[in-house]
Amino acid sequence: MNVWVDSDAGFDDLWAVLVARALGLEIDGLSLVFGNSSMLRVAKNATAAATVFDWSFPVFKGAATALLGTAETAERILGESGMRSRGLRLPETTGKDGPTSAFEAMAAWFQAGSRRRLLAFGPLTNVAALAIARPDLIDRIERVVWMGGGISSGNHTPAAEFNAYADPEALAALLARRVPITMVELDTCRKVRFDASDLQALFRKRGRNAALLGDLAGGYLDIALEHGHQSMAIYDPVAVAVLARPEYFSINDARVDVVLSGPERGRTVVDFQTAGDACNAKVAANPQSATVKRTCMNALLRECER
Ligand code: RIB
Ligand code: CA
């Protein structure tokens with residue numbers, strides 16, 4: 001299956017790319033969006049990852065701000081690099097190499113085929129900008145599988161998940177245009193977790209990227225440990241599993257709305273009771289937690305053996 005990936009290049013985004021490759025998805029291109037950190041840092045991370053993990057697909061710089069011009073990042077939690085670590089880090093790059101226009105590259109990719117599938121791991125700005133400027137391309141989108149939103153609570157604010165909070169107007173624009181979105185939200189991702197024993201399994205590997213991935217995965221796990229949790233939810237890689245292994249989930253039609261103002265800005269409101277035309281999205285739930293986790297961990301372990 002050929003896919004396009006849109007990403008804000010944090011650790012779980014890189015992990016998700018590894019899962020996509022391990023599950024046999026063919027990535028035709030990757031567009032970058034601000035999010036975990038600034039666009040410049042996201043570009044630095046992605047350029048470095050492309051070298052370290054031998055990415056053969058092109059990487060394009062995209063939106064540096066949300067549709068309305070703000071640039072909320074997760075640096076408060078993740079630091080300036082947008083990616084925590086227990087030691088080793090991705091090599092430093094200028095972030096200036098490589099093509100700049102995600103918009104043209106995505107438009108060309110959608111134009112060149114039909115039934116296009118897109119994996120989105122960050123704020124939806126690039127995808128929404130395309131849908132707004134090129135409505136003629138919308139019916140070429142078979143599905144956007146997006147890690148974002150949260151039914152029962154948020155993670156960036158009490159009400160809002162980060163990717164939804166960073167550009168809620170982008171989500172609203174896509175829902176209003178009936179772009180077929182499958183939302184992989186926090187409650188579902190929080191049922192797929194990894195812990196210190198999984199980390200140890202990475203450190204036992206001896207491949208050339210094992211130490212780096214162990215340190216980055218350790219930094220990711222530390223986010224949970226510092227909040228008193230023994231395990232960390234796996235976010236973006238779970239969205240890959242939803243696209244490539246939908247049988248591991250129940251995926252239901254729903255009405256999704258996003259709050260655009262007030263203290264709950266960015267909150268996603270999901271109604272499974274709505275039927276028919278009022279449904280504007282699908283929402284993944286009930287993951288087979290052990291199977292999905294094993295799928296995600298195997299991709300990391302595979303890279304650590306290389
Ligand atoms: O809320 C989790 C999401 O925010 C993940 O996509 C993570 O990479 C960040 O973008
Ligand atoms: Ca992400």
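A short reminder: the numbers here are calculations on the coordinates, not readings from a lab. These numbers were taken from a predicted model, which means no experiment stands behind them. Here the Cβ positions follow ideal geometry from the backbone for every residue, glycine too, while neighbour counts run over all protein chains shown.
Whether any residue in region 2-16 is of a type in the set (S, T, N, Q), surrounded by fewer than 20 Cβ atoms within 10 Å (Cβ to Cβ), closer than 16 Å to Trp55 by Cα and more than 9 Å from ligand 2 (Cβ to nearest atom) is what I want to check.
yes
Among all residue pairs at least 6 apart or on different chains, which show Cβ distances below 7 Å where the first residue, located in region 118-136, is over 19 Å from Ala239 (Cα atoms) and the second is among the small types (Gly, Ala, Ser) and crowded, with 24+ Cβ neighbours inside 10 Å?
Pairs found: Ala129/Ala63.
Please go through region 190-234 and give me each residue that is within 16 Å of ligand 2 (Cβ to nearest atom), in a loop (DSSP other than H, G, I, E, B) and closer than 17 Å to Ala22 by Cβ, ordered by number.
Of everything in region 190-234, those that are within 16 Å of ligand 2 (Cβ to nearest atom), in a loop (DSSP other than H, G, I, E, B) and closer than 17 Å to Ala22 by Cβ turn out to be Val192, Ile234.
Tell me, please, whether a residue that is over 30 Å from Arg265 (Cβ atoms), free of Cβ contacts under 8 Å to residues at least 40 places away in the same chain and in contact with a Phe, Trp or Tyr (Cβ under 8 Å, 6 or more places away or on another chain) can be found in region 8-25.
For region 8-25, residues over 30 Å from Arg265 (Cβ atoms), free of Cβ contacts under 8 Å to residues at least 40 places away in the same chain and in contact with a Phe, Trp or Tyr (Cβ under 8 Å, 6 or more places away or on another chain): absent.
Kindly indicate which of Val270, Val258 is in contact with a Pro (Cβ under 8 Å, 6 or more places away or on another chain) and under 24 Å from Arg178 (Cβ atoms).
Among Val270, Val258, only Val258 is in contact with a Pro (Cβ under 8 Å, 6 or more places away or on another chain) and under 24 Å from Arg178 (Cβ atoms).
Would you be able to tell me the number of residues in region 100-140 that are more than 10 Å from Asp6 (Cα to Cα) and surrounded by 23 or more Cβ atoms within 10 Å (Cβ to Cβ)?
2
Working only within region 65-81, note down all residues that are of a type outside the set (D, E, K, R), at negative phi and within 16 Å of ligand 2 (Cβ to nearest atom).
Those that are of a type outside the set (D, E, K, R), at negative phi and within 16 Å of ligand 2 (Cβ to nearest atom): Ala66, Ala71, Thr73, Ala74, Ile77, Leu78, Ser81.
Report, by residue number, each residue of region 56-66 that is surrounded by fewer than 19 Cβ atoms within 10 Å (Cβ to Cβ) and out of contact with any strand residue (DSSP E or B) (no Cβ under 6 Å at 6 or more places or on another chain).
Correct list: Ser56, Ala64, Thr65.
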